[in-house]
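Quick notes on the structure that follows.
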Amino acid sequence: MMRKVIIWSVFAVSCVPGSQDARLSRYLQEQIGLTERQFPKAIVVVSEDGCPHCDRAFADLVRPRTSLRDCLFLIRIDGTTVDLHGFMVETQNVRFDDDRSFKKLAS
Amino acid sequence: MGPITENHLPRGLKLLLILAACRGPEPQIPIDPTRSLTLQTDWKFTSPFSGLFYDYYRNENLIFSGDLRTNLILRVFNHAGDSQYDIPLKAVLDTLEDINSCALFAPDSLFVMEVHSPRYAIVDKQGRVCRVSSLAHALCPEPGNRYEVSGYSNGIASNGRSLFMSAAWWGDCDNTGWDPSISRFQYIQRYHLEGARKCRIAKIKLDPDGSKVHFGGCNILPHLTDVPRFSYSGMERVLLNGKLFLFSPVAPYILQLDTGTLNVVHRIPIDFLNGPAAFFPPPITEENLQNGGDLVSKPSIAGLAYDTSSGYYVVAVLHEVPIDTPEGENHLDRPWSLIVLDQTFTKVAEHIIPGKLYRPNHLLSTTAGVYVHRNIPGRAGVVGPKTFHRIILP
């Protein structure tokens with residue numbers, strides 16, 4: 001199940017159509033501050049939007065892996081259902097998405 | 001160098017200053033930010049794990065706020081927001097599967113309800129699990145009806161003697177399956193039509209020899225019983241001034257229930273601006289089955305509080321917003337009406353509060369007055385102190 005979620009996250013990023021691709025590119029450059037050469041191979045979103053058990057399990061899976069290079073981790077949790085440990089501080093590849101700007105790219 | 005006059009200013013800046021001067025006055029809202037109450041927590045204030053307990057012996061309110069995910073503690077404050085003590089939650093989290101809601105029912109005792117389960121635990125001030133028990137024996141109070149109790153929507157109301165939680169009807173006691181002779185659509189229609197007549201609240205009296213559950217508030221939404229409509233089982237409940245009140249997004253009134261019998265004592269219509277403060281759910285059709293009638297953008301009562309010194313009630317009503325309002329701006333960030341009712345529940349004032357400034361569902365009725373939670377967006381609103389501002393009443 002968890003593997004499926006990761007695959008979907010990666011798949012969603014790699015399959016955005018042309019205009020969305022441009023939006024994603026602009027987002028990564030303007031909001032995350034990356035150059036094109038620094039673009040991640042995968043974007044992993046940790047959220048509390050799904051079933052609480054699934055969100056917790058997914059966060060537990062991601063927590064020890066947030067130092068993975070070439071991955072961008074977008075954190076959209078406030079601790080209501082998921083333990084914030086490991087997601088409290090922004091780093092180069094762990095970023096908060098509290099205003100849901102990444103999700104809005106798809107709308 | 002002489003004084004700077006407007007002739008010295010660049011033209012663009014001059015225009016900006018003129019525009020700023022022409023801007024209308026800031027809206028006057030009856031909330032005083034200088035009289036605040038601050039809870040020092042670095043976790044989100046969430047209704048199922050936060051609330052008030054009135055300590056009759058010391059004649060004061062205790063405010064509590066719990067964090068079940070990161071810090072695993074529940075912090076207890078006095079009415080002024082001074083931290084009193086922390087109750088560790090690790091033991092109870094190791095004991096129960098997951099937590100639906102919790103509430104202080106004595107200064108040194110915490111009631112903790114398991115998720116989707118009749119099990120509960122009693123935890124002492126040191127965080128020790130004193131008892132794990134089940135309400136399973138009491139959740140089918142009569143042949144035909146099975147209920148689940150929950151405090152998730154707006155927390156568990158406690159007066160020290162009883163706990164009040166919402167009751168969700170789950171169908172027949174002895175037959176919970178889906179009748180294969182009817183379609184899913186017919187099943188949902190039937191569920192909502194029958195469910196509209198069922199009980200909405202449960203009163204739990206804790207007893208080591210078997211806690212008792214009394215269901216009440218039955219068939220209290222008659223306007224939903226003509227044809228199958230989305231009848232949403234949960235009702236929010238709040239104890240104020242020794243009285244028990246229920247409200248719902250689909251009820252244009254607040255109901256006062258007798259705390260003993262759980263029968264309706266008063267039906268208090270709530271209007272805001274020019275309309276009823278609720279959504280009248282449409283009949284269930286194949287077309288609107290997925291969106292539930294689009295409840296989320298409709299007006300609804302979000303909170304209710306009582307000011308002991310003035311005797312006024314405060315009702316917070318969320319305004320309707322367009323159906324296509326972006327996610328994140330369509331729920332608690334909406335403008336809302338702060339309505340003041342007197343002791344006879346007659347409206348004496350209504351003020352419009354702009355959206356995003358406050359959380360109208362987080363009203364605290366303390367002995368010092370009624371406070372509303374200041375909204376701090378983003379991460380700072382989670383890890384920073386939680387500030388409540390006092391509502392100014394006539």
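The values are calculated or read from the model by the stated rules, or taken from the named source; none is laboratory data. These figures come from a predicted structure and were not determined experimentally. We place every Cβ from the backbone using ideal geometry, glycine too, and count neighbours over all the protein chains shown. Keep in mind that these areas ignore ligands, DNA and RNA; they rest on the heavy atoms of the full protein, side chains included. Shrake-Rupley method; radii C 1.70, N 1.55, O 1.52, S 1.80 Å.
Within region A:86-96, count every residue that is within 9 Å of chain B (Cβ to nearest Cβ) and either more than 14 Å from A:ILE32 (Cβ to Cβ) or open to solvent by less than 40 Å² (accessible area, probe 1.4 Å) (or both).
Here the count works out to 1.
Would you please name the residue that is nearest to A:ILE77 (Cα to Cα), looking only at residues in region B:73-95 that are within 14 Å of another protein chain (Cβ to nearest Cβ) and surrounded by fewer than 20 Cβ atoms within 10 Å (Cβ to Cβ)?
B:ILE73
Looking only at region A:28-58, count every residue that is among the acidic types (Asp, Glu), farther than 19 Å from A:LYS104 by Cβ and open to solvent by less than 60 Å² (accessible area, probe 1.4 Å) and tell me the total.
1
Residues are listed down the side, and each one gets a yes or a no for (1) open to solvent by less than 30 Å² (accessible area, probe 1.4 Å); (2) away from chain A (no Cβ under 14 Å); (3) part of a loop (DSSP other than H, G, I, E, B):
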position	(1), (2), (3)
B:THR38	no, yes, no
B:LYS44	no, no, yes
B:LEU62	yes, yes, no
B:ASN71	no, no, yes
B:SER101	yes, no, no
B:LEU110	yes, yes, no
B:MET113	yes, yes, no
B:GLN126	no, yes, yes
B:HIS137	no, yes, no
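Please find, among A:ASP83, A:ASP55, the residue that is among the acidic types (Asp, Glu), touching a Ser or Thr at 6+ places or on another chain (Cβ under 8 Å) and more than 8 Å from chain B (Cβ to nearest Cβ).
Step by step, each of A:ASP83, A:ASP55 is checked, and only A:ASP55 is among the acidic types (Asp, Glu), touching a Ser or Thr at 6+ places or on another chain (Cβ under 8 Å) and more than 8 Å from chain B (Cβ to nearest Cβ).
Condition first: on the phi > 0 side of the Ramachandran plot and open to solvent by less than 40 Å² (accessible area, probe 1.4 Å). Can you find one or more residues in region A:59-77 that meet it?
There is no residue in region A:59-77 that is on the phi > 0 side of the Ramachandran plot and open to solvent by less than 40 Å² (accessible area, probe 1.4 Å).
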